[in-house]
Amino acid sequence: MKKLLFVLALVFPLAAAAEWPDKPVRIVVPYVAGAMGDVVSRLLAEELRPKLAQPVIVDNRPGAGGNIGTGAVAQAEPDGYTVVVGATNNFVINQFLYRGMGFDPLQALAPVTILVDVPSVIFVNAQVPGKTFAEFAQYAKSNKGKVNYGSPGAGTTPHLSAALINQTRGLGMTHIPYKGAAQVVAALLANEVQFYMGGAGLGAQHVKAGKLHAVAVSNDKRVAALPDTPTFKEVGLGDINASNYWAVAVPKATPPEIVEKLYQAFRASLSTPAAKERFAKLGVVAVGTTPAETAKRWREEAAFWAKAVKDMAVRID
């Protein structure tokens with residue numbers, strides 16, 4: 001009897017993997033509707049539906065820096081029907097940042113793929129003296145306590161990357177968190193904050209309108225949306241990790257065969273002409289790493305952020 005149960009335990013997952021998918025797939029986005037991850041998820045859901053021959057539902061579960069939605073997926077059935085599309089911080093930062101988080105994403109989740117990289121651009125309100133990073137840095141140092149930097153939320157990658165710059169360059173800025181990128185961009189335009197790190201697509205039109213200056217971009221190369229904006233390395237910020245991407249993960253015990261099917265489906269969806277056109281307008285770069293490549297990148301980045309969070313003494317209750 002025990003031998004039979006053992007055999008069945010081996011066979012059932014294989015059968016489930018062979019039949020997958022035979023019902024709707026749910027993409028949990030741990031942020032509000034309209035966030036970059038939500039936009040990317042909805043775009044890819046359209047591409048995935050015909051490939052999987054099943055409905056693909058986007059479910060927004062915001063809260064606690066993405067921990068609520070990410071944690072829900074970590075505890076979901078490991079059957080490939082519930083996935084999370086999270087940001088960098090949901091996989092390699094929050095476990096070092098939040099007290100009592102309750103789970104470690106590296107242990108509770110299995111990576112599928114990194115969908116898109118979001119080049120981070122330092123935007124500065126045009127009313128502030130300084131069209132270059134060096135000029136802005138000098139202004140901030142001369143006005144310590146009077147210059148604010150915004151973020152789409154405490155603990156997000158834009159917050160922590162900006163905090164690293166603020167600390168290591170001695171800028172003396174004050175952090176003001178908002179609820180999402182749209183709010184912080186509005187605050188930047190209103191000069192409530194003077195500095196913000198966000199995706200190129202969020203601010204490029206305001207740079208062209210003369211309302212913002214783009215003083216640096218985190219990519220290794222300059223981006224098409226802002227060709228005159230120098231890279232971090234060009235302005236002396238090459239040591240700053242501003243990697244910000246959106247990736248897919250599933251519960252840890254999901255069968256490898258299903259993880260591979262998900263990876264192939266997402267990878268194919270990233271490369272369609274419609275997806276490429278939308279990504280170009282959004283200012284994001286399609287990636288499509290393998291599960292193994294994604295896991296390696298997460299391990300490396302987790303080591304970086306564990307030290308960075310400790311050095312900055314940033315913790316969230």
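Read the figures in this text as sums done on the coordinates, not as results from a lab. Here the structure is a predicted model, which means the values were calculated and not measured. Cβ atoms come from the backbone with ideal geometry, glycine included; neighbour counts cover every protein chain shown.
Summary table
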item	result
Selection from Leu115, Gln138, Leu226 lying farthest towards where the dipole of the stretch 112-265 points positive, charges on Cβ	Gln138
Residues listed by number, the stretch 111-126, amide nitrogen under 18 Å from Arg222 label point at 7 Å toward C-beta	119-124
Modelled label reach - Glu234, point 7 Å along Cα→Cβ, the stretch 268-285 residues with backbone N closer than 19 Å	283-285
Charge dipole (debye, nearest 20) of the chain; +1 at Cβ of Lys and Arg, -1 at Cβ of Asp and Glu	380
Placed amide H near Asp59: partners under 5 Å, 5+ positions off or other chain	Ile27, Val28, Val29
Computed [θ] at 222 nm, helices only, for the chain once each DSSP H run of length n ≥ 4 contributes -39500 (n - 2.57)	-13500 deg cm²/dmol
Along the chain, longest interval not containing exposed trypsin sites (Lys or Arg not before Pro), exposed being DSSP loop plus at most 16 other Cβ atoms within 10 Å	1-98
Percentage of interatomic Cα-Cα distances in the chain larger than 37 Å	18
Beta bridge orientation in the stretch 120-235: antiparallel %, DSSP, nearest 5	60
Ascending count of other beta-carbon atoms within 10 Å, so fewest first, for Leu48, Leu115	Leu48, Leu115
For Met197, Met36, order by how many other beta-carbon atoms lie within 10 Å, fewest first	Met36, Met197
Span from the the stretch 241-283 Cα centroid across to the the stretch 62-105 one, whole angstrom	17
Net dipole in debye of the stretch 120-235 [+1 Lys, Arg Cβ; -1 Asp, Glu Cβ; about Cα centre; nearest 20]	100
Positive-pole candidate from Asn241, Pro30, Tyr149, dipole of the chain, charges at beta carbon	Tyr149
Rounded Å value of the spacing that divides the Cα centres of the stretch 17-44 and the stretch 147-164	26
